[in-house]
Amino acid sequence: MRKKREERKSNKKKIGKFVKMRFHKVYILCFIFFSVQLLSAQEVFLKASVSKNELGVNQRLRIDFTINKQGADDFALPDFKNFTVLGGPNTSISRSIMNGRSSFSQTYSYIIQPNKKGIFTIPSATIEYKGETLQSNTLTIKVLSESEIPKDVNDPLYIAGQNVHLVAEVSNSKPYVGEGIYVVYKLYFSTNIGLNNPRLKENPQFNGFWNQDFEIANFSVENTTYKDQDYRYFIVKRALLVPQKSGKLVLEPLEMEMVVNVPTGKGDFFGNPITRRVQYITSSSKRNINVKSLPIEGKPEGFTGAVGEFNFKVSATKEAMKSNETSQIKVEVFGKGNLKLFELPEINTPSELEVYTPERDEKVRTTLNGNSGNISDSYTVVPEYKGKYKIPEVSFSYFNPKEEKYTTIISEPLIINVIDGKPLPNSSSSNDANFSQKQSVVSTGNNFSYIQTNTTFIPLKKKDFFKSNLFYFLLFLPLISIPIGIFIGKKKEERDGDLIGNKLRKADRLAKRYLSEAKKKLGNNEAFYIALEKALHNFLKAKLKIETSDISQEKISEILENKKVDSTTITDFIEVLNDCDFARYTPTTSVMMQQEFDKAKMAIAQIDKQL
């Protein structure tokens, strides 16, 4: 009996332990279940934060976008207007479990730098999570003036700043109005560092100057010394500048962006130096150009703004000719200076000579030393009467900046001798250059009257309309017009059904409408390219409903890409705009102008089909 009681007690203890174990398991499962439910109920958010909300315009900040749930995708940056992205994205993921609770976060980090002073708002970034678009909070950044950055000799950016210098070299900082100068931008970098992917970030503004850029196809690196140290350099930009007004003119800075390989002072297994790549932006200093006014004292009456060193002549292709033949009188200026930026003097001719509007011819070569070549106006002269005609001397004045004085050149007078032709009425001598005035014919009553050319007679017999030609024409007109109308109607239906052909014809008409003014200017270099560029901007203004003449070509390309215009058409259109800007000041031929016209016509037609 005692043994049985002990067995029963032992069984009760085992049952109690089993029940306790089952209870603990259920408790743990419930705890885990409710913890998971609690975690899953946490709100999903995308949070934006910055390392600092206030900084100098020359400083940088880090901006982080953090999502607290796994599985989010398609992260989209906000528009960093007024900021430049220097680095990123750097992605980091964090997982942790604390007190039985797990957490997750994924962060997208960027390094940005402000472009100017002010208070700016960074818009929301977006990310997709389970079909829902999440937005981050906006951030307000206050940008102050440049602040003093502590110099850390080990900071890669400080090392880059000490070894990279962008310099603007000007040939003459005190020119006269109209005197050409040149500016060359050079990037100097130490032999201790390396450069990768240098590119222009912002071009300088040449306000107050006529300017001509010179294209640089490739950066050619050369060795030199800079501040008594071994350096290398390459030319970034070259331009010819001609000031158009006096006073203090400013050349704005040119900015460049590049990757600098900065040495770390360490070496690899083979002894080669280890470098660190940093994104670096540098800019040239502002350059002040003090432009001197042209002197008032001694300024000739007929001065039209020519500055340089010139020669001048007036010549005729024929000085002895017959009546109704043509002769070309050329007024020509040649030399070196601000050619194309002043007017040529006009000739005065006797009223007995018929003179046509002059034709301008420009053969100008532009280099860093200035414009050189010749420009001329050719007048076509057609005499009607026999005699000698004097074309008076012509004067041309220019200012020589080297000698700092005005010079006036006076041409010799020309005598046009018309050796064959009818004499001028009432002239005392057919060879006299001064003719008497024409006189009216006076009737004395003894001479014949003039023959009347008009009468008031009417026919005695009128022709009847019946059976006349007009009668039969009107009679058969309906019979003829019916089949013609049917034929025209069928052709119209066929044409209306040709959707592709209609689009092509519409695009062709559109191109002709916008390019009509440019077509009239074919043969006139500057006028043609001005009209062509204006036509292209008017076309974009009509199609896109925006003003594009003040928008950069990169922005125009971006707008057309957003409109789903193919890249080839955009490239052709931008090339024509570039050619208009460049070829306006360079010698071109009629064949080249026609090619540009056809290319512009094709680009307009293609864009119109795709918009």
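So the check is Cβ under 8 Å with 6+ separation or different chains; which pairs have a first residue in the stretch 207-218 that's farther than 18 Å from Lys286 by Cα and part of a loop (DSSP other than H, G, I, E, B) and a second one that's of a type in the set (Lys, Arg) and open to solvent by 60 Å² or more (accessible area, probe 1.4 Å)?
Matching pairs, first to second residue: Ile216/Arg238.
Could you check the stretch 280-310 and list, in sequence order, the residues that are more than 30 Å from Asn115 (Cα to Cα) and open to solvent by 80 Å² or more (accessible area, probe 1.4 Å)?
Result: Ile296, Glu297, Lys299, Glu301, Glu309.
Check Asn137, Asn172 and return the single one that is in contact with a strand residue (DSSP E or B) (Cβ under 9 Å, 6 or more places away or on another chain), under 29 Å from Gln70 (Cβ atoms) and not in a strand (DSSP E or B).
None of the others qualify; the one that does is Asn137.
Can you tell me which residue among Glu332, Glu301, Glu309 is assigned to a loop (DSSP other than H, G, I, E, B) and of a type outside the set (S, T, N, Q)?
Glu301
Among (1) hydrophobic (A, V, I, L, M, F, W, C); (2) surrounded by 18 or more Cβ atoms within 10 Å (Cβ to Cβ); (3) modelled with pLDDT under 85, which single condition is Ile149 missing?
All conditions pass for Ile149, except number (2).
Report yes if some residue within the stretch 389-404 is free of Cβ contacts under 8 Å to residues at least 12 places away in the same chain and within 23 Å of Gly308 (Cα to Cα); otherwise report no.
For the stretch 389-404, residues free of Cβ contacts under 8 Å to residues at least 12 places away in the same chain and within 23 Å of Gly308 (Cα to Cα): present.
Which is closer than 30 Å to Ile604 by Cβ, modelled with pLDDT of 75 or more and surrounded by 11 or more Cβ atoms within 10 Å (Cβ to Cβ), of Lys491, Lys534?
Being closer than 30 Å to Ile604 by Cβ, modelled with pLDDT of 75 or more and surrounded by 11 or more Cβ atoms within 10 Å (Cβ to Cβ) holds for just one of Lys491, Lys534, which is Lys534.
Can you tell me which residues in the stretch 506-531 are surrounded by fewer than 16 Cβ atoms within 10 Å (Cβ to Cβ) and either within 16 Å of the chain's Cα centre (by Cα) or at pLDDT below 75 (or both)?
Lys506, Asp508, Arg509, Lys512, Arg513
Any idea how many residues of the stretch 173-214 are farther than 20 Å from Val278 by Cβ, over 24 Å from the mean Cα position of the chain (by Cα) and surrounded by 15 or more Cβ atoms within 10 Å (Cβ to Cβ)?
Here the count works out to 5.
If you take the residues in the stretch 99-119 that are within 18 Å of Phe65 (Cα to Cα) and not hydroxyl-bearing (Ser, Thr, Tyr), which one is most open to solvent (accessible area, probe 1.4 Å)?
Ile111
Is the stretch 83-98 home to any residue that is part of a loop (DSSP other than H, G, I, E, B) and open to solvent by 40 Å² or more (accessible area, probe 1.4 Å)?
Within the stretch 83-98, not a single residue is part of a loop (DSSP other than H, G, I, E, B) and open to solvent by 40 Å² or more (accessible area, probe 1.4 Å).
Do the conditions hold for Asp79, that is, is it acidic (Asp, Glu) and closer than 13 Å to Ile127 by Cβ?
no
Name the residues in the stretch 221-264 that are among the small types (Gly, Ala, Ser) and in contact (Cβ under 8 Å) with a residue 60 or more places away in the chain, would you?
Ser246
Condition first: of a type in the set (Phe, Trp, Tyr) and either at pLDDT below 80 or open to solvent by 40 Å² or more (accessible area, probe 1.4 Å) (or both). Now tell me which residues in the stretch 537-573 satisfy that.
Phe539, the sole residue that qualifies.
Given the conditions (1) touching a strand residue (DSSP E or B) at 6+ places or on another chain (Cβ under 6 Å); (2) assigned to a loop (DSSP other than H, G, I, E, B); (3) open to solvent by 60 Å² or more (accessible area, probe 1.4 Å), report the number of the one that Arg238 does not fulfil.
Result: Arg238 fails condition (2) only.
Across the stretch 350-373, what is the total count of residues that are assigned to a strand (DSSP E or B), aliphatic (A, V, I, L, M) and open to solvent by less than 50 Å² (accessible area, probe 1.4 Å)?
2
Only one of (1) in contact with a Lys or Arg (Cβ under 9 Å, 6 or more places away or on another chain); (2) touching a residue at least 40 places away in the same chain (Cβ under 8 Å) is not met by Pro273, so which one is it?
(2)
Starting from the stretch 280-291, take each residue that is under 21 Å from Gly180 (Cα atoms) and assigned to a strand (DSSP E or B) and list its partners that are among the basic types (Lys, Arg) and open to solvent by 60 Å² or more (accessible area, probe 1.4 Å), counting only C-beta distances under 6 angstrom and pairs at least six apart or across chains.
Qualifying pairs under 6 Å: Asn288/Lys248; Asn290/Lys174; Asn290/Lys248.
The values are calculated or read from the model by the stated rules, or taken from the named source; none is laboratory data. Just so it is clear, the structure is predicted and the values come from calculations on it, not from any experiment. Ideal geometry is used to build each Cβ from the backbone, glycine not excepted, and the neighbour counts take in all protein chains shown. Side chains are part of the model used for accessible areas, which takes the heavy atoms of the whole protein and leaves out ligands, DNA and RNA. Shrake-Rupley method; radii C 1.70, N 1.55, O 1.52, S 1.80 Å.
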